[in-house]
Structures are given as structure tokens and as C-alpha cells.
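The numbers here are math on the coordinates, done by the rules we state, and not lab data. Not measured: the values here are computed from a predicted model.
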């Protein structure tokens with residue numbers, strides 16, 4: 001049994017630092033590939049949009065934000081030339097977001113950087129430690145919808 005500490009372990013602080021480091025690495029590596037305008041909502045948004053046009057509301061659900069916030073994400077992608085919005089031909093109230101040709105190239109770069117970072121972490125970490133980290137990170141997922149989304153992710157190697 002582990003010794004009891006008089007002070008709680010600063011897991012949240014370490015998690016926040018790790019997230020910030022990941023985002024900084026993403027931005028830096030994408031800038032090296034010619035994409036100096038990376039925003040932290042881009043990674044999930046462009047990977048979802050690679051599957052095809054997505055209604056703004058569904059984009060918001062995937063991002064865990066309101067429809068208005070998802071519209072801001074879509075507008076930001078559109079302003080940078082990565083996405084376009086259009087009314088759904090079957091329901092003019094529905095606004096769909098889709099990647100442009102430039103957006104598809106951007107999405108490919110985002111996926112390549114994520115894969116590169118994942119490989120680096122895997123190379124620097126014992127498979128058993130990765131499995132343990134996965135257990136701990138899943139314990140941090142406090143709400144059901146986030147746990148459900150995480151359940152769709154593949155298990156660590158090994």
C-alpha cells in the first residue's frame with residue numbers, strides 16, 4: 001500500500017502542463033509544415049470533417065461545445081480557407097461545414113503531426129507504463145459523454 005501523503009499529488013497540474021506541451025509541439029510542428037495558424041480546436045474539427053460535411057450542431061457535440069461556439073470554430077476554419085459552410089439542400093435551416101481542398105491538406109498535416117507525437121511518446125515510454133497512463137487518464141474523465149468518446153479510442157500498444 002502506498003504511503004499516505006500530507007499533500008495531494010498535483011496530477012491536475014502535471015496534466016495541464018502535458019496538455020500545454022502537446023499543444024505547443026502541435027503548433028510548432030504544423031508551423032514547420034507551413035501552417036502557422038493552428039488553433040487548439042482544429043485537430044478534432046478537421047479530423048471529423050475529413051469524413052464529409054458535418055452539420056454545425058454535430059460539430060459542436062463532437063467538440064463538446066455549444067452550437068454557437070461550433071459556428072465560431074467553423075467560421076475560423078473558413079476564414080483561413082480550410083472549410084466552407086453551406087445550407088443543407090434537404091433542410092435550409094441546417095448549416096453544413098466541409099473541408100476545402102486546402103482544408104484537406106491541413107487535416108493531413110494535423111493527422112501526420114499527431115501520429116508523429118504519438119510515436120515519440122510510445123518510443124519514450126514502456127508499454128506497461130502507457131497502459132497504466134491510459135487507466136489514469138480515463139479516471140480523469142468525469143462526465144459520461146467524454147468517457148463514451150474516449151471509449152472509441154484504441155487501446156495502447158502492448
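Of note:
- The chain: angle of helix 11-32 to the longest principal axis, Cα-based, in degrees nearest 10: 50 degrees
- In degrees, nearest ten, helix 101-124 long axis to first principal axis of the chain (Cα): 10 degrees
- Linear extension gain, residue 132 paired with residue 63, 0.36 nm per residue minus alpha-carbon span: 22.2 nm
- Each principal axis of the Cα atoms in region 72-158 has its own extent, and those three values, largest first, are 50, 30, 20 angstrom.
- For the options 39, 19, 29, a Gaussian network treatment of the chain with springs between C-alpha atoms closer than 10 Å singles out 19 as fluctuating the most.
- Spherically averaged projected area of the chain from its Cα convex hull (nm²): 11.9 nm²
- In degrees, nearest ten, helix 127-139 long axis to first principal axis of the chain (Cα): 70 degrees
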